[in-house]
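K.L.:
Below is the structure I would like to discuss, written out as structure tokens.
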Amino acid sequence: MSRAALLVLADGRFPAGGHAHSGGAEAAVAAGRITDAATLEAFCRGRLHTAGLVAAGLAAAAAGGCDPLALDDAADARTPVPALRTVARKLGRQMMRAARATWPSPELDALAAARPKGAHQPVVLGLAARSAGLAPEDAAYAVVYETVSGPATAVVRLLSLDPFDATAVLARLASDLDGVVAEAVAAAEHVPREGIGALPARSAPLLDITAQQHAAWPVRLFAS
């Protein structure tokens, strides 16, 4: 197992398309729910324990060898909003391109062939981690870090927030990240015995509603 591979996978410069997405932060800024570092931290914590946990569970299960097609169907079921399903598959396509170029594997090729329009991004990320020789825990960490770093980076641009303050938010969330990773990996370990239903299925209705509204904005800085 290469920890260097984890650094590559979690690096914001990995060409997987995430830089164009705010994780719901743009809509939250427009609505006045994110105005400073404190409200950014609250937003990120909420996103981490809902959408982040769900995505981390899917990625950990994929990295652990669970059926990626079944996991992709599970991701669809856990993503009730059409706009977010579209985003997840677009990001999945981009992640697939980057992963196949970086860590070629028959498993990635098979998923790409079975889901030509793109599988959900967490599933692809988990399979990429597996192809890179990483563990389910590594895949979960890559997901949860992206879950909070994406909005934090976006808010620096949207509000001209001090980058040092945004980084401090991420540092304060470190113990939350550890807890969510542990919960996600534990759930993924139950899938072989209990089925896909063992994975987390938490929801964030406000994120879902604002994501669908944001997709209809005529002018926006971020794709989601």
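K.L.:
Looking at the stretch 60-85, which of its residues are farther than 15 Å from ALA201 by Cβ and in contact (Cβ under 8 Å) with a residue 60 or more places away in the chain?
P.N.:
Selection gives ALA62, ALA63, GLY64, GLY65, CYS66, PRO82, ALA83.
K.L.:
If I filter the stretch 38-56 for residues that are farther than 29 Å from ILE196 by Cα and not hydrophobic (A, V, I, L, M, F, W, C), do I get at least one hit?
P.N.:
yes
K.L.:
Only residues in the stretch 196-223 that are among the β-branched types (Val, Ile, Thr) count as the first member; pair them with residues that are surrounded by fewer than 18 Cβ atoms within 10 Å (Cβ to Cβ) and modelled with pLDDT of 95 or more, Cβ under 6 angstrom, at least 6 apart or cross-chain, and list the lot.
P.N.:
ILE196/ALA70
K.L.:
With the checklist (1) more than 19 Å from SER224 (Cα to Cα); (2) at pLDDT 95 or above; (3) touching a helix residue (DSSP H, G or I) at 6+ places or on another chain (Cβ under 8 Å); (4) not small (Gly, Ala, Ser) in hand, flag the one item PRO106 doesn't pass.
P.N.:
(3)
K.L.:
Still on this structure, I have one more. I'm trying to understand the selection: among the residues of the stretch 187-223, which are closer than 16 Å to ARG78 by Cβ, of a type in the set (Gly, Ala, Ser) and surrounded by 13 or more Cβ atoms within 10 Å (Cβ to Cβ)?
P.N.:
ALA187, ALA188, ALA198, ALA201, SER203, ALA204, ALA211
K.L.:
Taking the stretch 74-106 only, how many residues are over 18 Å from GLY17 (Cα atoms) and loosely packed, with under 15 Cβ neighbours inside 10 Å?
P.N.:
To start, the set of residues in the stretch 74-106 that are over 18 Å from GLY17 (Cα atoms) comprises 74-82, 104-106.
Now narrow it down to the ones that are loosely packed, with under 15 Cβ neighbours inside 10 Å: 76-77, 80, 82, 104, 106.
The number of residues fulfilling the criteria is 6.
K.L.:
Would you check if there is a residue in the stretch 9-17 being in contact with a Gly (Cβ under 7 Å, 6 or more places away or on another chain), outside any loop (DSSP other than H, G, I, E, B) and surrounded by fewer than 21 Cβ atoms within 10 Å (Cβ to Cβ)?
P.N.:
no
K.L.:
Please enumerate the residues belonging to the stretch 39-71 that are over 19 Å from GLU146 (Cα atoms) and either assigned to a helix (DSSP H, G or I) or not charged (D, E, K, R) (or both).
P.N.:
Within the stretch 39-71, GLY64, GLY65, CYS66, PRO68, LEU69, ALA70, LEU71 meet the criteria.
The values are calculated or read from the model by the stated rules, or taken from the named source; none is laboratory data. Quick caveat, the model's predicted, so the values are computed rather than measured. Cβ coordinates were reconstructed from backbone atoms using ideal geometry, including for glycine residues, and neighbour counts include every protein chain displayed.
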